[in-house]
1. Considering every residue in A:897-910, what mean count of other chain Cβ atoms within 10 Å of its Cβ is obtained?
2. Angle check, please: helix B:111-121 long axis (alpha carbons) against the longest principal axis of chain B (alpha carbons), in degrees 0 to 90, nearest 10.
3. Among A:686, A:549, what is the fewest-to-most ranking by other Cβ atoms within 10 Å?
4. For residue A:803 and residue A:201, what does the FRET efficiency come to when R0 = 60 Å and r is the distance between their Cβ atoms, rounded to the nearest 0.05?
5. Per 20 Å bin from zero, what fraction in whole % of the C-alpha pairs of the protein assembly as shown is there, up to the bin with the longest pair?
6. List every residue whose amide H lies under 5 Å from the amide H of residue A:845, counting only residues 5 or more places away in sequence or on a different chain, with H placed 1.01 Å from N in the peptide plane.
7. Divide the volume of the convex hull of the Cα atoms of the stretch B:2-121 by its number of residues and quote the answer in cubic angstrom per residue.
8. Give, in nm to one decimal, the length gained when the segment between residue A:400 and residue A:765 is fully stretched (0.36 nm per residue of separation minus the Cα-Cα distance).
Amino acid sequence: MSLPLVVLLPFLCALAAPLFAQGGRTASAIASSVPAIIGLAALYPHWKILADGGIVETSYAWIPALGLSFSFRLDGLSMLFALMILIIGLLIILYARYYLKPYENVGKFYALLLCFKGSMLGIVLSGNLLLMLIFWELTSLTSFLLISFWSHQQDARRGARMALAITGGGGLALLAGILLIGNMIGSYELADVLAAGDLIKNHSMYPLALTLILLGAFTKSAQFPFHFWLPNAMQAPTPVSAYLHSATMVKAGIFLMARLYPALAGTEQWFYMVSFTGMVTLLLGAYVAMFKHDLKGLLAYSTVSHLGLITLLLGMGTKLAAIAGVFHIINHATFKASLFMAAGIIDHETGTRDMRRLNGLWQYMPHTATLAMVAAASMAGVPLLNGFLSKEMFFAEALELNLPGLWAYLPPLIATLAGIFAVAYSARFIHDVFFNGKPKNLPNFPPHEPPRYMKIPVEILVLACLVVGMFPAFSVGPILFAAASATLGGEVPEYHLTIAHGFNMPLLMSVLAFIGGLIMYSQRQRFFDFHARFKEIDAKAVFQAVVSRVGEISERFTASLENGSLQRYVLLLFLAAFVLAFMPLASLGLSIGSNGLSPIDYPSALGALVLMGAAIGTVVTHRRRLTSLILLSVVGLLVALAFASFSAPDLALTQLSVEVVTIVLLVLSLFYLPAWTPTETASLVRWRDASIALIGGVGMTLVTLALLTRPFTSISEFFLENSKPGGGGTNVVNVILVDFRGFDTLGEITVLAIAALGIYAMMKYSKLKPPATDGFGNPWSRDAHPTMLMQVSRPLLPLALMVSVFIFLRGHNMPGGGFIAGLITAVALISQYIASGINWSEKRVTVPYQIVLALGVGIATLTGVGSYALGYPFLTSSFTYITLPVVGKFELATAMIFDLGVYLTVVGASLLALTSLSKLSDSTSGVSDSHEARGI
Amino acid sequence: MELVFALVIGTLTSTGIYLLLRARTFPVVVGLTLLSYGVNLFLFSTGRLMSDGQPIIGDAETYSDPLPQALVLTAIVIGFAMTAFLVALALRSHADTDVDHVDGIKQQETADEQVDRTENNQ
């Protein structure tokens, strides 16, 4: 229980931090310290188990189907990191209390810092790789917010974006790698992964998985060639740089490599990828650090270099090297965090970080200077300090690395060279800043010592450097042993934590590094001149250029696809559909199936011929729109006949009534639109379109033929069997619509209602001036409402309504139902509009169709909700039979109320659509009044 | 019979696609209607073709598949809603841009087209 508490408490406390900010900086600093103190107290009882090589695990199920669990694991390695995160975190909170100005948003700062701390603890304590990845991404996000804390500065925003892009991209690679690992062994639990090292390493996907995971680790830990985000993240407030970008977050990549060491390390690929990346980063970072005039820039590149050193140690593959790596993690965190804090103090007190102006500060702030000098000496690897110990171990391992032939000299050479650079830049940090003449043009002059408490965190860390440097076995021995055994996943070889190993090669290399580094520093002007000859590559500019170039390319690509032409989109849509359909269909083979062809029924075949002829006629005559429309209606009627002939009476009725409404609608639209289509497309384009159409048609013919001649099994047996006993109706199609699949139908009528309302809204504020003549220049008929039509249509209305009631009522048992009855009613009403005009009809139909529509959807929904009241699931139907005198036995089903909703929706939607269109006429123009009837 | 049915669906698809690729709104609406006929018939035919087997209990010895019929019934109604919406869209576009081109761009009438127009007139 205590492990999730340690991780989640900072997040909870982050909510409270802004509240405490009302009480000032001290109050929020104290409040923010609570989770770390509780965390340390919660971890302490576990130490005994870990010291004996044990593991503490807690697990809760989260999404078992995905292999994601809320599980936590504490062993030596995660204990080491958790302690670093918690203890340095506490010191940072104290430091930030004095670093931040009273007017700054202290609450936001502490809240973000706590979120970061929780995420970081989540990474190191997760017992599940997927869970770890979630926290991993959270650190990228919180780091982004912390770097851009001073969001008014452009550089801060840019640096934050770059950090997010690089580490976020690496996170994606890591996710892919983790998924591959999970696929290999069938579990994301850390315990399973660590136990399955051999399986993973012998798997064919191992190289890919390793590359992806290392991409995640390298981007996070600023390894070459992804190192450039780290120096640019130095725009962050210094407490953030000290915490995230030296002690903790950048170590997450290192942690990942150490964590998965038993599962992934020990192969040639691991050796070459990890150690060479580390080597390049080590050398590059140390070299560039020398030439940085910005204090934090120097420290940032030095951090890059030290991260490279740890990576190299982990990559070497020997157990002693891995132990040295873990040891250096501790040492680097202590001296680098204190150096960053010292740099922050100097910046805070003098107003600048430029080493060309910062000189001779020893006179003004001797206390801070002493602390910074001890830490810098540790960074350089001066004996009796902790940096020296891990560096000696590194030198020893570099000598042990057995590369073939002359290559064997490379690692010691690079190690010594990096040592020389490290001494040189550490010497610069000490000599340039605290001695070397007088300060030049300081914004705040004279500088003085910072507040007493601001130095305490630095003092504690520097003290740690000294204690570890002088009494290593006593101070860090136990935790190092626990962490090393967790990293190696087994036996720990013998190693010695002593301050001197006698005169040997590593010591000689150290001496060489010192002499070389001091010479180099004294001759620094020559090196600066030499370095100045090369044009420095500004990583930020390159990154910006790449980002904007990618943006441009994708914009151009999008623009070339999306040129605003619907014709182009439709064309691409069909071509894409062909390509997508071709591959699966080609592999199926579109031949005539085993059922063979049934004999041709000649009347049906004649109907089919007429249908095809009418369809082709529609296309041929499409320029003369009215003719084309008449032919279209022939097609529609024949489709209705086809449904009738193949045992689908409901479909035939629906198609028939829809056909009427559709054609009326299209005729209506022709009143406003040109009656004739001009020839615009070149004949080549027409041939192209014709070929595409032909491909589509032939494809569909083949697919249909193949489908119809193959046997199949249907799930419809269920519906046929249960229609009567379960739904109380014999018309299975209707029972499916209103009962079995009632929920689908509810969705469907909702869509219908939305479409009708959309039409209403589109037409409401739009006016079209109807043309004075028809498309060919002929005047409109003067007789807007022909008497014959009027006289016939009016008595038809009650008859049609009666038919629709009949169709509605019998729908459950015979062909019919709400849809068809609704359409018949709509047709009956529309005929009144056509015959007598919209004004006449509107006077008589006083209910707005929007209300009818809403009523329909409402009734259907309420029927569904009603079954809740009786304790049944949504839309459960029930039915009973009642016997009335005269009428006889009569079935009453709740499904019928639902069907009434359908009926009302269909009536409302059809009429709303048609009347909206017919009201489009601009009534202010003289023409429209007399010809309103034309627009229904 | 299957071959005839398949040819009908193929013809409807072809004619529908050709008209959907036209540049004016009205032919596109007509094309969409033709294509929906084809699609509806195709969906319907997944239950296979059968005469005298209407799925009304007690009416026949073997029943045709009621499920595709229920699906197509709603597809017809939704298809109507879609056509109506498209018509409204076309009219709105015509009202706003004063042309009935699908891209809403006014195209210059060429001399040929004017001849075309007079021919149509007669």
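Bear in mind that the values in this text are calculations on the coordinates, not laboratory data. Predicted model only: the values in this text are computed from it and were never measured. As a convention, Cβ positions derive from the backbone with ideal geometry for all residues, glycine included, and neighbour counts pool all protein chains shown.
1. 1
2. So the inclination is approximately 60 degrees.
3. Working: A:686 14, A:549 10.
Result, fewest neighbours first: A:549, A:686.
4. Step by step, r from the Cβ atoms, then E = 0.15.
5. Result, from short to long distances: 11, 29, 20, 23, 15, 2, 0 percent.
6. Close amide H contacts, sequence-distant or interchain: none at all.
7. Values: hull volume 17.1 nm³, N = 120.
Taking only Cα atoms, the stretch B:2-121 has a hull volume of 143 Å³ per residue.
8. The residue A:400-residue A:765 span can extend by a further 123.0 nm.
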